[in-house]
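Participant: Please find one structure pasted underneath; my questions will follow.
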Amino acid sequence: MGLLVLCPVLVFGLSGCASHVLAKLAVDAPNQRQQPRIVRDADFATRVNAVYQDTWRVRVGPPAAELAVAIIEPGHYNLQHRIERQERDGRVRLIPRLGWTPPDRSKPGLAEPRGTILLLHGYRDAKEDMLHWGLYLAECGFRSVLVDFRGHGQSSGDKIGFGAFEAADLSQVLDDLDSRSMVHGKLGVLGISYGASTALLLASRDTRVATVVALEPYSDGAKAVVEFAHGVAPQQAARFSPATFSAAVTRASRIGRFSWSDTNVITAMSRVSQPVLFYHGAKDTWLSPENSRALSAKAAAGSRLVVLEHDNHLILSFRLQPIAEEVEAWLIQQLIHTPEHVEATTGSPPEVPEPRPQKG
């Protein structure tokens, strides 16, 4: 998730309007309040467009919206990725640095995709915030499908639903991908925060999802709104009583016209038969690692939880290393080296693949 802006609420002080403003902040489309954070430097947008094999829009709903979709095909991108630490005025700022070489379309790329990975970004972010994973997995031989959630990035939609709308939206995106013959092999989903929880909600309703990699998910959308506000802006959030937040959550569902029960990932986990790989930072104060612990306790057999001792919410959303090879091995195991596939072709149980050499 990106930063939740509480400043407009302060204009209203502690008046009766506060819960209404908080509610609108929760469900109003983020890209109506700010421009999508696509251009990071002078030529970033140009380089991004060059790396996408194809882009298009998918109509979804109800409520009606159009989602922006982009494809990164398997290839050699010379991916370079690092997290830069800057200190200024006693504050530490983490900046992800991402570099790559656009593919030469005149030369043949890698072989056909080993599988297809749907990549889902966090709250107030955009599909370009998943480029580090999209490029990495494309270099691993997977087709990467990046999507802007409704109300985010270049997608339309004036309200968001913390998964209440978005899981159904993504099923419609999968329908569209199927109609274009773009789902090659088995389908995995990798999501961060808002995207991780939505990935689990999608898996609970769509059997086309073979596995999920969930980075720092929330377990219940209604509770996450309050927890996130207190984590990101504790001093501002402390100005409002629990009753004000409770009223805001209730108002948000009315304004957004959805039910918070449809965002309850804990409840949905009973319908997720696919194995899930969870990651959470032990120092995450925006969405506590207890969210992943609760979800993993309900997850299907073969699921796994990794708590990273030194990670907070931002670090885990930015990083590839040290988890990239584990994620790659997991996806290979779940999408390619499945027991039924390997035993049918070789007569022997599968072997866990060795991690490839570490990248940037």
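The values are calculated or read from the model by the stated rules, or taken from the named source; none is laboratory data. Remember, predicted model here, so these are calculated numbers, not experimental data. Glycine also receives a Cβ, built like all others from the backbone with ideal geometry; neighbour counts cover every protein chain displayed. All accessible areas refer to the heavy atoms of the entire protein, side chains included, with ligands and DNA or RNA removed. Shrake-Rupley method; radii C 1.70, N 1.55, O 1.52, S 1.80 Å.
Participant: In the range 121-129, is there at least one residue being touching a helix residue (DSSP H, G or I) at 6+ places or on another chain (Cβ under 9 Å), farther than 30 Å from A167 by Cα and not charged (D, E, K, R)? It would help to see each step written out before you state the result.
Facilitator: Here is the first cut: in the range 121-129, the residues touching a helix residue (DSSP H, G or I) at 6+ places or on another chain (Cβ under 9 Å) are 121-129.
Next, only the ones that are farther than 30 Å from A167 by Cα stay: none.
No - not one qualifying residue is present in the range 121-129.
Participant: Follow-up question, since we're still on this one. So L25 fits all but one of (1) farther than 30 Å from A248 by Cα; (2) in contact (Cβ under 8 Å) with a residue 12 or more places away in the chain; what number is the exception?
Facilitator: Of everything listed in (1) farther than 30 Å from A248 by Cα; (2) in contact (Cβ under 8 Å) with a residue 12 or more places away in the chain, L25 misses just condition (1).
Participant: Is there a residue in the range 299-312 that is buried (at least 17 other Cβ atoms within 10 Å of the Cβ), in a helix (DSSP H, G or I) and modelled with pLDDT of 95 or more?
Facilitator: No, that holds for no residue.
Participant: Identify the single condition in (1) surrounded by fewer than 22 Cβ atoms within 10 Å (Cβ to Cβ); (2) within 27 Å of T263 (Cβ to Cβ) that E166 does not satisfy, given that it satisfies every other one.
Facilitator: In the conditions (1) surrounded by fewer than 22 Cβ atoms within 10 Å (Cβ to Cβ); (2) within 27 Å of T263 (Cβ to Cβ), E166 misses (1) alone.
Participant: State yes or no: is Y136 open to solvent by less than 70 Å² (accessible area, probe 1.4 Å), among the hydroxyl-bearing types (S, T, Y) and assigned to a helix (DSSP H, G or I)? Let's see the steps before the verdict.
Facilitator: Values: open to solvent by less than 70 Å² (accessible area, probe 1.4 Å): yes; among the hydroxyl-bearing types (S, T, Y): yes; assigned to a helix (DSSP H, G or I): yes.
Yes.
Participant: I'd like to check something: does the range 236-256 contain any residue that is crowded, with 23+ Cβ neighbours inside 10 Å, touching a residue at least 12 places away in the same chain (Cβ under 8 Å) and not in a helix (DSSP H, G or I)?
Facilitator: no
Participant: Do we have R205 as charged (D, E, K, R), open to solvent by less than 20 Å² (accessible area, probe 1.4 Å) and over 25 Å from I323 (Cβ atoms) here?
Facilitator: So R205 fails the test.
Participant: Quick test of your reading of the structure: T267 fulfils all but one of (1) without any contact (Cβ under 8 Å) to a residue 12 or more places away in the chain; (2) over 27 Å from Q334 (Cα atoms). Name the failing condition by number.
Facilitator: Only one criterion in (1) without any contact (Cβ under 8 Å) to a residue 12 or more places away in the chain; (2) over 27 Å from Q334 (Cα atoms) is unmet by T267, namely (2).
Participant: Please find, among T211, T198, the residue that is under 25 Å from Q333 (Cβ atoms), hydroxyl-bearing (S, T, Y) and part of a strand (DSSP E or B). Walk me through how you get there before you give the answer.
Facilitator: Details: T198 fails: part of a strand (DSSP E or B).
Residue meeting the stated conditions: T211.
Participant: Kindly provide the set of residues from the range 45-103 that are of a type in the set (G, A, S), in a strand (DSSP E or B) and modelled with pLDDT of 95 or more, ordered by number.
Facilitator: A65, A68, A70
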